[in-house]
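Just so it is clear, none of the values below were taken in a lab; they were calculated from the coordinates. Please read all numbers here as calculations on a predicted model, not as lab measurements. For neighbour counting, all protein chains shown are included, and Cβ atoms are generated from backbone atoms with ideal geometry for every residue, glycine included.
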Amino acid sequence: MKKLYIIGNWKMNKTASEVESFAAEFIELYKSHKHNISENTTFGIAAPAVSLSKLHMPSLRSMQFKVVAQDSSAHEKGAYTGEISANILKSYDVDMVVLGHSERRQYHHETSEEVNLKAKLAIASGLTPIICVGETLDEYQAGISKEVVEKQVKQSLRDLDLSKIIIAYEPVWAIGTGKTATAEEAQNMASFIKRITSKDTIVQYGGSVNPKNVAELMSQEDIDGALVGGASLVAGDFIKLLTLNK
């Protein structure tokens with residue numbers, strides 16, 4: 001069975017007590033469902049920066065749970081109030097970092113060139129960057145999805161070691177909308193991304209992934225995992241994602 005990377009993205013959700021409640025429930029559910037989770041499945045949560053330390057509890061880390069940041073700075077250090085550098089994240093034993101999420105690109109006007117700078121610093125610091133790409137609804141309806149994604153991929157991945165990154169294909173029109181690319185559409189784009197990068201590139205799909213569609217999506221030849229928003233907020237749903245709803 002192929003290796004899968006299933007990462008939950010909490011976005012700006014969960015207070016300290018809610019993180020603790022999720023962790024406690026998840027740990028118990030994991031114990032009772034472990035037999036249905038493939039040993040080839042790597043999983044973790046991208047949490048708000050202040051919550052990352054709460055995900056370091058030994059009972060989570062013992063199950064190879066990955067602690068993931070939602071962003072890191074394009075600067076190594078210095079007078080950049082409010083930002084967190086990759087090397088600071090690594091010093092707190094963070095494993096991965098999500099970069100270039102469509103919400104960062106849209107609301108914070110991040111460019112692919114900035115994402116590329118962040119990714120270089122992340123790799124240099126020992127973090128695995130999960131680099132997000134994807135087209136808007138207008139671009140999808142105009143039939144230029146591949147052109148848009150190819151440009152984002154080439155700019156975001158310039159001069160990067162492809163063996164040290166993960167690409168998350170997230171069609172913007174499917175994020176948080178309840179709409180999902182069909183398994184065929186997701187597979188088609190994942191295959192395209194591998195053709196323009198490397199057949200060994202790890203490609204996740206993201207965009208309204210849930211317990212009902214996860215098995216079909218993960219069964220596609222070129223899809224190597226999922227970056228999941230809403231369905232990762234509930235421990236029971238997240239477990240169903242890891243078991244592929246078994």
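Using a Gaussian network model of the chain with C-alpha springs under 10 Å, which one of SER51, SER17, SER125 is most mobile by mean-square fluctuation?
Maximum among the listed residues: SER17.
Using the basic label-point model (7 angstrom from Cα toward the beta carbon), what is the LEU137 to SER53 distance in nanometres?
Each label point lies 7 Å from its Cα, and together they span 4.1 nm.
GNM on the chain, C-alpha springs below 10 Å: top fluctuator among ILE193, ILE165, ILE37?
ILE37
Go through segment 96-200 and name the trypsin sites (Lys or Arg not before Pro) that are in a DSSP coil and have 14 or fewer other Cβ atoms within 10 Å of their Cβ.
ARG158, LYS179, LYS199
Which net charge results when you count Lys and Arg as +1 and Asp and Glu as -1 among the other residues whose beta-carbon is under 9 Å from that of TYR5?
+1
Quick one: P(r) of segment 4-242 from all Cα-Cα pairs, 5 Å bins, percents rounded to integers, in order of increasing distance.
Going from the shortest bin to the longest, the percentages are 1, 7, 15, 20, 20, 17, 12, 6, 2, 0.
Could you check the spin-label model distance between HIS109 and VAL234? Points 7 Å from the Cα along Cα→Cβ, value in nm.
Each label point lies 7 Å from its Cα, and together they span 3.9 nm.
Could you please rank MET57, MET189, MET1, placing first whichever residue has the fewest other Cβ atoms within 10 Å of its Cβ?
So the residues, fewest neighbours to most, are MET1, MET57, MET189.
Using a simple charge model, +1 on the beta-carbon of Lys and Arg, -1 on the beta-carbon of Asp and Glu, nothing else, what dipole does the chain show about its Cα centre, in debye to the nearest 20?
Roughly 500 debye for the chain.
Modelling each spin label as a point 7 Å along the Cα-to-Cβ direction, I'd like the ALA79/LYS2 distance in nm, to one decimal.
4.9
Take segment 157-204, compute every pairwise Cα distance, and split them into 10 Å bins from 0; I just need the percent in each bin.
Binned Cα distances yield the sequence 24, 49, 23, 3.
Where in the chain lies the longest segment free of GluC sites (Glu not before Pro) that are both loop residues by DSSP (not H, G, I, E, B) and have at most 16 other Cβ atoms within 10 Å?
84-220
Using only the C-alpha atoms of segment 7-108, find the volume of their convex hull and express it per residue in Å³.
Given the Cα convex hull of segment 7-108, per-residue volume reads 113 Å³.
In nm, what is the difference between 0.36 nm times the number of residues separating ILE123 and HIS33 and their Cα-Cα distance?
Contour length minus the Cα-Cα distance gives 29.1 nm.
Could you run the Karplus curve 6.51 cos²θ - 1.76 cosθ + 1.60 with θ = phi - 60° over segment 44-50 and give me ³J(HN,Hα) per residue in whole Hz, x for Gly and Pro?
x, 10, 8, 10, x, 3, 5
Counting other beta carbons within 10 Å of each Cβ, put ASP237, ASP222 in order, fewest first.
Starting with the residue having the fewest Cβ neighbours, the order is ASP237, ASP222.
If I build a Gaussian network model for the chain, linking alpha-carbon pairs within less than 10 angstrom, which residue out of PRO58, PRO171, PRO129 has the largest mean-square fluctuation?
The residue with the greatest mean-square fluctuation here is PRO58.
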